[in-house]
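Everything on this sheet refers to the single structure shown next.
We did not get these values from a lab; they are worked out from the coordinates using the rules stated. From a predicted model like this one, the values you see are computed outputs, not experimental measurements. Quick reminder, even Gly has a Cβ in these numbers, built from the backbone with ideal geometry, and neighbours come from all protein chains shown.
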Amino acid sequence: MFTKKLYRSDMLNCALCQDPPCSGACPALDCASLLRSIWFDNENVAASRFPAENPCIGCEAPCEAACVRAGLVPIRNLMTRLHEEVKPENEIPLPSGSERLCTELCGVPLDNPFFLSSSVVASTYDMCARAFEAGWAGVAFKTICSFDIHEASPRFSAITGDNGSIIGFKNIEQLSDHSVAENMEIFRRLKTNYPHKVILASIMGRDDAEWENLARQCEENGADAIELNFSCPNMAEGGLGSDIGQIPELVERFTAAARQGTRLPILAKLTPNVAKMSPAAEAALRGGANGIAAINTIKSITDVNAHTFVSSPAVHGMSAVGGYSGSAVKPIALRFVAELGQNPTLHSMHLSAMGGVETWRDALEFILLGAGSVQVTTAVMKYGYRIVEDLISGLNLYLAEKGFENVSEARGLGLEMLSETTDVLERDTVLFPKFHREKCIGCGRCAISCSDGGHQAIRLDGRHMPILDGKKCVGCHLCVLVCPQRAITPGRKRIARPKL
């Protein structure tokens, strides 16, 4: 189970519509929901929801005709593959309930581990209410402060992949542009109407008194926990944001100040713009924090214009260093989360992780490295609050299939097998690639990459099929990664011959 059969590349032209005409045209299936599950790496759940008999057989595919990109999304083929390739391999039925996702944040009960992270996606009453209705367990509300905020326009830019989808996202967004009083009113309304949902109130002060006062007001108006923003890269001037997070002494000082104002759990949100995060995390613990939130965005520059020489986003001929997020930062976020998870000094602290989460598998990776909750922003900006449906159902099915009774049983399971250095790795065997010739189209990409970026171990025969030279192959698996057909997989092992 959980061996992928379908990929985003199989449906790249799908627009993931808000009101999808494909589902409206199909009398038997909610095509859009199933397509969305495939997109978000949740094909097993989609297949489990598929009828026992395939209604696509003999169908004239009105879904494809109704598609906003008619003829470009192979809906009928994808539905048939769900039924024929994925459904037979599902080992258990969908769980009837999601109780195993119930967890806690520093003693505060959670329906599931999924939060909106502090950003524009959690900045008004209406937005948070719709997120709660969609299924999010909590929101880290956009950072509250006591100073005026005036945003620039535009304030976003992005790095896109081969198909034009966003893989890296830059923002020069600042903090909440509502007054403290306005935000406190939002908290009161949310707790009245959604008493079982969790408000993690993000705050930023300029001195001890402001940190203490903001923490106190958030508790008095219904917040369940406090997140201290020591990490925003766009609010560094004058000793704010990441300027604080880079100095452990200030982290400890302002954490202690906030602790004076509240009895609620406190999480310190730390900056990734450091070599090591542990010094600041340990300082937060000394100051009275109960947990850590990580990572915030990474300082970045994107798209320097070749004609104007201004990077993006350009604001009246100027730009600025901003915060980078999205799928591209996930490996960096995982590295920092693992560092915190492996630090024995921090084992008593809750770890709320974020950085590039789009799918339940992304979230699971953070949980396996020590996270107790997972926060999301950029994926919501791209796809909407609805992604929580696949986060919940995918993680729930995974936990059930593995026999875990709750999320906590998976927490930290990946830490023991992880080393900061490569000197612990076994180096006496080679894992050869395996070529699946029925999938190969003879493009030769594997041979090009092996020749110019590897060990010259692949040549093409007269039919343009790859031939491996086992004497030269070192098992680097570059060919596995570059094959556009996924026709190369890890194969058999051999004992490396000793060097003479």
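Relative to the compact-globule estimate of 2.2 N^0.38 Å, the Cα radius of gyration of segment 310-383 comes out at 1.35. Eigen-decomposition of the gyration tensor built on the alpha-carbon atoms of segment 231-350 gives equivalent ellipsoid semi-axes of 31, 17, 10 angstrom, largest listed first.
Neighbour counts of C-beta atoms inside 10 Å place PHE309, PHE404 in the sequence PHE309, PHE404, starting with the fewest.
Once you reduce segment 44-116 and segment 327-371 to the center of their Cα atoms, the two points are 26 Å from each other. Dividing the summed -39500 (n - 2.57) terms of all DSSP H runs of n ≥ 4 by the residue count of the chain sets its mean residue ellipticity at 222 nm at -8500 deg cm²/dmol.
Note on GLU405 and ASP126: the extension gain reaches 97.0 nm, defined as 0.36 nm multiplied by sequence separation minus the Cα-Cα distance. Taken as Cα centroids, segment 270-309 and segment 167-192 sit 20 Å apart, rounded to the nearest whole angstrom.
Footprinting exposure proxy ranking of ASP30, ASP224, fewest other C-beta atoms within 10 angstrom first, gives ASP30, ASP224. One way to sum up the overall shape of segment 343-437 is the equivalent ellipsoid from its Cα gyration tensor, whose semi-axes run 27, 21, 15 Å, largest first.
Calculated on C-alpha atoms, the gyration radius of segment 1-98 divided by its Kirkwood radius gives an Rg/Rh of 0.94. Taking all Cα pairs closer than 8 Å and separated by 6 or more residues, the relative contact order of segment 8-89 comes to 37 percent. One compactness figure for the chain is 1.06, namely its Cα radius of gyration divided by 2.2 N^0.38 Å. Sparsely packed loop sites in segment 189-268 (the GluC sites (Glu not before Pro) outside DSSP H, G, I, E and B with at most 16 other Cβ atoms within 10 Å) comprise GLU237. Taking every C-alpha pair closer than 8 Å and separated by at least 6 residues, the mean separation divided by the residue count of the chain gives a relative contact order of 12 percent. Within a straight-line Cα-Cα reach of under 17 Å, LYS493 can be paired with the following lysines, leaving aside sequence neighbours fewer than 8 residues apart in one chain: LYS434, LYS471, LYS472. The DSSP beta bridges internal to the chain are antiparallel in roughly 45% of cases. Distance between the pseudo-spin-label points of GLU53 and LEU415 (7 Å out from Cα toward the beta carbon): 5.3 nm. Using a cutoff of 8 angstrom between alpha carbon atoms and counting only pairs six or more residues apart, the relative contact order for segment 285-375 works out to 32 percent. Rounded to whole numbers, the Karplus 3J(HN,Hα) couplings from phi for segment 207-218 are 7, 4, 5, 5, 4, 5, 5, 5, 4, 5, 5, 5 Hz, using 6.51 cos²θ - 1.76 cosθ + 1.60 with θ = phi - 60°, and x at Gly and Pro. Phi-derived couplings, Karplus 6.51 cos²θ - 1.76 cosθ + 1.60 at θ = phi - 60°, listed residue by residue for segment 444-457: x, 4, 4, 5, 4, 5, 5, 5, 9, x, x, 10, 6, 9 Hz, with x used for Gly and Pro. Specify whether the C-alpha gyration tensor of segment 63-104 places it in the rounded, prolate or oblate class, a ≥ b ≥ c being the square roots of the eigenvalues: rounded for a/c under 1.5, otherwise prolate if a/b is larger than b/c and oblate if not. Here segment 63-104 falls in the oblate category. Here the Kirkwood formula, the inverse mean of 1/r across different C-alpha pairs, assigns segment 429-495 a hydrodynamic radius of 11.6 Å. Each of the peptides 88-99, 348-359 was scored by the mean count of other Cβ atoms within 10 Å over its residues; in descending order, highest first, they stand as 348-359, 88-99. Among TYR385, TYR324, TYR125, TYR7, the ranking by other beta carbons within 10 Å of each residue's beta carbon, starting with the fewest, stands as TYR7, TYR125, TYR385, TYR324.
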